[in-house]
1. In this structure, is Ala38 over 12 Å from the mean Cα position of the chain (by Cα), of a type outside the set (Ser, Thr, Tyr) and within 13 Å of the ligand (Cβ to nearest atom)?
2. May I ask you to verify whether Leu49 is modelled with pLDDT of 95 or more and away from the ligand (no atom under 13 Å from the Cβ)?
3. Which condition does Glu135 not pass, out of (1) closer than 20 Å to Gly56 by Cα; (2) at pLDDT 90 or above; (3) of a type outside the set (A, V, I, L, M), if it passes all the others?
4. Quick check on the stretch 149-183: of everything there that is under 17 Å from the mean Cα position of the chain (by Cα) and not charged (D, E, K, R), which residue is modelled with the lowest pLDDT?
5. Looking at Ala187, Ala152, can you tell me which residue is within 15 Å of Leu125 (Cα to Cα) and either among the aromatic types (Phe, Trp, Tyr) or touching a Lys or Arg at 6+ places or on another chain (Cβ under 9 Å) (or both)?
6. Can Pro74 be described as surrounded by 14 or more Cβ atoms within 10 Å (Cβ to Cβ) and part of a loop (DSSP other than H, G, I, E, B)?
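The values are calculated or read from the model by the stated rules, or taken from the named source; none is laboratory data. All figures in this text were calculated on a predicted structure; none of them were measured in a lab. Cβ sites come from the backbone with ideal geometry, for glycine too, and all protein chains shown count toward neighbours.
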Amino acid sequence: MGRYREAIDHVHTGAQYHRIFMSSKRDVAVRDRFQRMALGLLGNGDEILDFGAGTGIDAKAYAARGHRTFVYEPADSMREYLEIHCRDEIAGGRVIALEARLGCKVQAVTANFAVLNHFADHVALFEQLAGVVGEGGFVLASMLNPYYLGDARYGWWRRNLLALVRHGRYTFDTASGVHRFAPGVVARAAAPHFRLERMAPRGLGMVASLYMFLLFRRV
Ligand SMILES: C[S@@+](CC[C@H](N)C(=O)[O-])C[C@H]1O[C@@H](n2cnc3c(N)ncnc32)[C@H](O)[C@@H]1O
């Protein structure tokens, strides 16, 4: 079981998720890098959609930097805790919770900590996001890195290696199963609306990192 699955499998409420992810130094450091990358790409006052916003950790940080942040989060318990964590921002209109429809127009969409790994396929999602992100805007996603060598000690990683090499993706056959993708597979799903502009880490750094950041530019 990898670190992500260990964490997620023991989470039953938004409050538990929040506590676990905020108390892990490693996750806090990765989140910090992701937020800095997103903020560095935004212009003054640009608006964001945090897709799969969880408990609103990132939304609160973006709102504090002057970016009105729409949040979409399908899980009730996550949303309930988000409403507590971002209470002041919601009251002040700096964080806006969306219901089932992504009814906003923004400069950027962020999807931090493996949100896109919950999708078996991204074609329909990127089509939908194309209607949300303005020209020149971007989608920044942090996804589980299928090449992470830290996972090589697990049987499931070795069992799925051939599928990864052949098809660029594989799926876990468990209740909490998440899908893993090679970056090229996500890039193909994002086209023609978005093009993969940047990926971090690259080269040898790729095998040492549980998460990979993918930046897609609206074309
Ligand atoms: C590991 S959590 C990350 C939450 C948050 N982005 C963060 O950085 O803490 C993954 C999130 O993806 C959300 N998610 C799962 N399926 C989704 C879907 N189809 N659309 C949007 N979000 C989804 C989950 O509800 C969960 O909040």
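1. Criteria not met by Ala38.
2. For Leu49, the condition - modelled with pLDDT of 95 or more and away from the ligand (no atom under 13 Å from the Cβ) - is not met.
3. (1)
4. Here the residue is Ser176.
5. Of the residues listed, the single one that is within 15 Å of Leu125 (Cα to Cα) and either among the aromatic types (Phe, Trp, Tyr) or touching a Lys or Arg at 6+ places or on another chain (Cβ under 9 Å) (or both) is Ala187.
6. So Pro74 does not fit the description; no.
A quick yes/no check of all residues on (1) at positive phi; (2) in contact with a Phe, Trp or Tyr (Cβ under 7 Å, 6 or more places away or on another chain); (3) at pLDDT below 95:
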residue	(1), (2), (3)
Val71	no, no, no
Leu102	no, yes, yes
Lys105	no, no, no
His118	no, no, yes
Val123	no, no, no
